[in-house]
Amino acid sequence: MFQAEFYDGLSARAKSVWVEVKGDSLRVNVEGQLQAYPLSEINVQAKLGSTKRLVDLPDGARLEATDVSELEAAMPSKSAFFWSKLHYLENHLGWVFISLFCTIFVGWAFLQHGVPKLAEYVAKATPPSMEKRLGEQVLKGLDHQYGYFSASETKKARQEKIIVALNKLCSVNDCPQYRLEFRDGGVIGANAFALPGGIMVVTDGLIALAKNDTEIIAVLAHELGHVKQRHAFRQSIQGTLSGLVLAAATGDVSSMASGLPAVLVQMQYSRSHELEADDFALKALKKSCLPPRAFADILFRLQNQVPGSNGKKSESKKTKESPSEAYDPISDMLSTHPNTIERIKPFVEAKQAC
Ligand SMILES: [Zn+2]
């Protein structure tokens, strides 16, 4: 039995009543008149902070009470249980923080681990022709729409030499299908990219930065590793999926509006993708009788180049010229590219097979 304010639904006047739960009905004693309502037709409204609880009765009348726990216990519907738990959580700051932490953690874990797995699955299910079309669209965007690239100024004879050397590497290695493109990279400077569908772009800056063609081939062998594993395509799918997840979570779609070409140029492959590509490059260089050291040399110079120098002046932030002299675990940890020296180590240490 509990006390409540009764509103008959006709007048705004409240009447103080006693309410009793008996069997499967609710009995309200209104000024000596007993009214019974079946519990199944009663709706107990959700708790809102510390305000009084509202109970809707089937004839349009309403009860207002401080404590309706007796009534709630008599009608243990799922929703009442849910709302009471939610109310409990809302009123305990500790639980609020735990819930917040869990939400952030689950979101982070999904972006970190779920999305890459999903991207891998989607990539496998996508026909190569579609990936190729995407790559062509991206290159078109980089060439015209976004203006990152302009026509290469590298002489045709030099381009031809590089093409022949890469073909030679692939003649003894299990290379994926690829198409090599030469471009002036403008602000991007010295770089090489693998776009979806096997398109590889090498910039004039990179060719200028290289001390010999073997270094260029070494970088392209690394890019072939990315092509083989379809990293660029997987990364694009991942970017789209992450954008969708973030847009769903925040309601902000502007982050998704940024074009894919820009994302691809600025993107950082995950460490595991880089290591997979490195692994392919190391094996390919060894099999082709090329010195693996060439990759270490150019990667070291690439990471230390001044941004925007277009590769023509590769002033090093570190004065040391050779990666083997420079290996120092402490500066490795502190350096701006903490993983570079770790990455080039196997190339420095590899013995040339022939
Ligand atoms: Zn890479």
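The values are calculated or read from the model by the stated rules, or taken from the named source; none is laboratory data. Here the structure is a predicted model, which is why all the values come from computation and not from measurement. Here the Cβ is made from the backbone with ideal geometry for all residues, glycine too, and neighbour counts use every protein chain on show. Heads up: the accessible areas ignore ligands, DNA and RNA and are worked out on the full protein's heavy atoms, side chains in. Shrake-Rupley method; radii C 1.70, N 1.55, O 1.52, S 1.80 Å.
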Problem set entry | From Leu71, Leu57, residue being open to solvent by less than 70 Å² (accessible area, probe 1.4 Å), modelled with pLDDT of 90 or more and either among the aliphatic types (A, V, I, L, M) or touching a His at 6+ places or on another chain (Cβ under 6 Å) (or both) | Leu57
Problem set entry | The listed residue being part of a helix (DSSP H, G or I) and in contact with a strand residue (DSSP E or B) (Cβ under 6 Å, 6 or more places away or on another chain), out of Gly135, Gly107, Gly94, Gly114 | Gly135
Problem set entry | Residue check, Val115 among the β-branched types (Val, Ile, Thr) and either open to solvent by less than 40 Å² (accessible area, probe 1.4 Å) or more than 30 Å from Tyr269 (Cα to Cα) (or both) | yes
Exercise. Does Gly239 qualify as being open to solvent by 20 Å² or more (accessible area, probe 1.4 Å) and at pLDDT below 95?
Worked result: yes
Problem set entry | Elements of type strands (runs of 3 or more DSSP E) in the range 20-62, at least 1 residues being small (Gly, Ala, Ser) | 25-30, 33-38
Exercise. From the set of residues in the range 34-54 that are closer than 19 Å to Lys85 by Cα and in contact with a helix residue (DSSP H, G or I) (Cβ under 7 Å, 6 or more places away or on another chain), which is surrounded by the most Cβ atoms within 10 Å (Cβ to Cβ)?
Worked result: Val44
